[in-house]
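Since every read-out is calculated from the coordinates, none of them should be taken as a lab result. The structure presented is a predicted model; accordingly, all values stated were derived computationally and were not measured. Cβ: placed from backbone, ideal geometry, glycine included. Neighbour counts: every protein chain shown.
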Amino acid sequence: RSKLHALLKSCGDSKDVSLGMRLHAGIPQGVAAEDTFVGNLLVQMYGKCGDVANAQRVFDAMVMPNVFSWTMLVTVYAQNGDIEGAKHVFDVMPRRNIVAWNTMVAAYAHAGHLVEARIMFERMPSWDVVSWTAMLIANAVNGFLDQAREVFDSMPEKNLVTWTAMLSGYAHNGQVVDAKQVFDSMPERNLVTWNTMLQAFAEAGQIDQANAVFKATPAWNLSSWTCMLAAFAQAGLLEECRSVFDSMPERDLVTWTAVVQGHSDNGDVEGAKCLFDAMPGRDIVSWNAMLLAYAQLGHVELAAALFHAMPEWSSVSWVSMLEAFRQGGDLDRARCFFSTIYTGDVIVWTTMIATYTQMGSFHGAKATFDSMPGRQDD
RNA sequence: ACAUAACGGCGGGGA
């Protein structure tokens, strides 16, 4: 069982759902249902792999789900972006503990639903450092750094995660001076802390400072290297970007996508395509990055071909194609393409409106604007 | 024994 534990955990960490399924299939019939511990491990593994349906299926078959099973199921929905689903499980679970409450507050926080996060938080029977940190994040992701700071300052207890969350809030809000101040006053640091500080300088375009933090970091992981190579690319230093990429001891999908984008950002489509073809695997983000490279660099036909070769599409794909047609001044194809989209979000619609506007078709822009579903006029 | 918060890669407008 402890072996199974380690194996299923590693499937979750590496999102290897096919190995997870093989392990699941190797467990004797009924064990996953009757042995709550084993069932929990499977629910968690499927959740981490993004397979919510199988997580739910294992859970449903469990004879005696315990409080771990229930809170894990809440986490599964929350971490896969289904807040409604998480809330539903939360509402029907027989006994709610602080971990379940914290999970819900954090889910709302990351989705940017500050009001809901606050309502949850206020209804909690008690709070701990995780609850407070989640509320700090809820404020920070909405750009309310002063309120986040108030939460931070008034917390009865802080730990390394709290400090790093505050640092991260400043980092992503462009407040690099405040970020540095937090970093300098932290009682302790770990690799996440160092990476967050690196990201703060990188996002602020302060490449020398970023490089200094990178060099001073006691040890690196994939996040550190990837952040640094992306920072070099964004600063127009493609050679340095490449040298980080070439010297990294390991690479993952995120790394590969970052280096593809680094080349496209610096106008090197051929380099981007070479790397894209050499990638060991591709996900929707990497396909979109390559698609956008073609779109932004004016390769309409290559973009169209790539679009049709993609295994799946997202709103980013639609926007990239519209961008390609807009770049090429081809309003007809943009309009025709747009009419085939059924699931576009507000950004897709805004891009189409901008395309009409830019081509001088105010009627088209207005008509599109008027037919937008669920438009918020505030 | 197993559950919750912090770090890296893709899109429009706005500031």
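Okay, here's what the table says:
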quantity	calculated
Angle between chain A longest axis and helix A:129-141 axis [Cα atoms, degrees, rounded to 10]	20
Evaluated at q = 0.18, 0.20 Å⁻¹: base-10 log I(q)/I(0), Debye formula over Cα of segment A:1-82	-0.63, -0.79
Using alpha-carbon coordinates, inclination of helix A:284-296 to the longest axis of chain A, degrees	20
Non-local Lys pairs in chain A, i.e. 8 or more apart or on different chains, that have alpha carbons under 22 Å apart	7
Rg to Rh, two decimals, where segment A:1-146 supplies the alpha carbon set and Rh follows Kirkwood	1.02
Under the Karplus curve 6.51 cos²θ - 1.76 cosθ + 1.60, θ = phi - 60°, whole-Hz ³J(HN,Hα) for segment A:256-272, x wherever Gly or Pro sits	4, 5, 5, 6, 4, 5, x, 5, 5, 4, 9, x, 9, 5, 4, x, 4
Using θ = phi - 60° and Karplus 6.51 cos²θ - 1.76 cosθ + 1.60, couplings along segment A:24-32 (whole Hz; Gly, Pro as x)	4, 5, x, 7, x, 3, x, 5, 5
Farthest toward positive dipole pole in chain A [+1 Lys/Arg, -1 Asp/Glu at C-beta], among A:I98, A:N139, A:A212	A:I98
Sparse-neighbourhood loop sites, trypsin sites (Lys or Arg not before Pro) in segment A:1-95 - DSSP loop, at most 15 other Cβ within 10 angstrom	A:R1, A:K15, A:R95
C-alpha long axis of helix A:67-79 to longest principal axis of chain A, angle in °	10
Compactness of segment A:143-190, expressed as Rg and Dmax over alpha-carbon positions, Å	10.0, 27
For chain A, calculated [θ]222 nm from helices alone, where every DSSP H run of n ≥ 4 adds -39500 (n - 2.57)	-22000 deg cm²/dmol
Proportion of all alpha-carbon pairs of segment A:34-101 beyond 19 Å (%)	21
Compactness index (Cα Rg / 2.2 N^0.38 Å), segment A:319-362	1.00
Derived scalar couplings ³J(HN,Hα) [segment A:113-124; Karplus, 6.51 cos²θ - 1.76 cosθ + 1.60; whole Hz; x for Gly, Pro]	8, 5, 4, 5, 4, 5, 4, 4, 4, 6, 7, 5
Radius ratio Rg over Rh of segment A:226-378, counting only Cα atoms, Kirkwood formula for Rh	1.04
Inter-site label distance for A:V346 and A:K366 at 7 Å from Cα along Cβ, in nm	2.3
For segment A:62-142, alpha-carbon Rg over 2.2 N^0.38 Å	1.03
Segment A:125-262: Cα Rg divided by the 2.2 N^0.38 Å rule of thumb	1.11
Estimated distance in nm for a label pair at A:V63 and A:D268, the labels positioned 7 Å out from Cα along Cα-to-Cβ	6.1
Hydrodynamic radius (Kirkwood) for chain A, which is based on Cα pairs only, to one decimal in Å	23.6
Over segment A:224-288: Kirkwood hydrodynamic radius from C-alpha pairwise inverse distances, Å	11.4
Qualifying GluC sites (Glu not before Pro) for segment A:217-261 [loop in DSSP, other Cβ within 10 Å: at most 16]	A:E250
